[in-house]
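Note sheet for the following structure.
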Amino acid sequence: MKSLIKILVVAVVFVAVSCKKDSAPNYQFMPNMYESAGYETYGEAAFPNGVEAQLPAEGSIPRGYVPFDIENTTEGYELAKTTLVSTLDSTQVDLERGKALYDIYCGICHGNKGNGQGKLVKREKILGIPSYDDAGRAITAGSIYHTIYYGKNTMGSYANQLNEEERWQVVSYVLKLKSDLEK
């Protein structure tokens, strides 16, 4: 009996191997596994709201996103100003990179030296950009980060353009410009 089963298994394997053609496609055991049906993003679907495009699950966080726990309020700004410190240590601060990012995003308004004399100010497209060394402007790393994250007055947010590490690089460069201006 055992030898009959062995002969049957060998015969089935031999038939399966000999029927294989390299010039023609093989049979697919479960074609649904290989060829999925494509759905249109805003087409009809089997979801409760009838649309294929769904919102992310509540409370989910995208990869690479780090939530900022300080609110966009005056109290949040003051809290950031007094308590928030850079997450970069002295070996991670790259002033060259901070300068490049500052020139791209900040220099057009604040000026390349941080004196408030950017090209848009000189062309009178915007008015009233204060210098980083103004006496009434006691900026700290936390206040700069909060302003980059949320924006302030007519300055918009740069949270979508700069990731967390890049924001801290810009903060380090702004503090360098401030100290240069105060000399």
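The values are calculated or read from the model by the stated rules, or taken from the named source; none is laboratory data. For clarity, every value in this text was computed on a predicted model and none was experimentally measured. Here the Cβ is made from the backbone with ideal geometry for all residues, glycine too, and neighbour counts use every protein chain on show. For accessibility, only protein heavy atoms count, side chains too; no ligands or nucleic acids. Shrake-Rupley method; radii C 1.70, N 1.55, O 1.52, S 1.80 Å.
Listed values, structure above:
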item: Those residues of region 135-161 which are in contact with a Gly (Cβ under 8 Å, 6 or more places away or on another chain) and open to solvent by less than 20 Å² (accessible area, probe 1.4 Å), in sequence order; result: 146
item: Index of the failed condition, residue 157 passing every other in (1) within 19 Å of residue 104 (Cβ to Cβ); (2) in a helix (DSSP H, G or I); result: (2)
item: Output for region 41-77, where each listed residue is in contact (Cβ under 8 Å) with a residue 40 or more places away in the chain, surrounded by 10 or more Cβ atoms within 10 Å (Cβ to Cβ) and not in a helix (DSSP H, G or I); result: 66, 68, 70, 72
item: Residue within region 162-180 that is open to solvent by 20 Å² or more (accessible area, probe 1.4 Å), among the basic types (Lys, Arg) and assigned to a loop (DSSP other than H, G, I, E, B) present; result: no
item: Enumeration of residues in region 94-129 that are assigned to a loop (DSSP other than H, G, I, E, B) and open to solvent by less than 50 Å² (accessible area, probe 1.4 Å); result: 106, 111, 114, 116, 118, 129
item: Single match in 83, 87, 91 (criterion: open to solvent by 100 Å² or more (accessible area, probe 1.4 Å), modelled with pLDDT of 75 or more and of a type outside the set (Asp, Glu)); result: 91
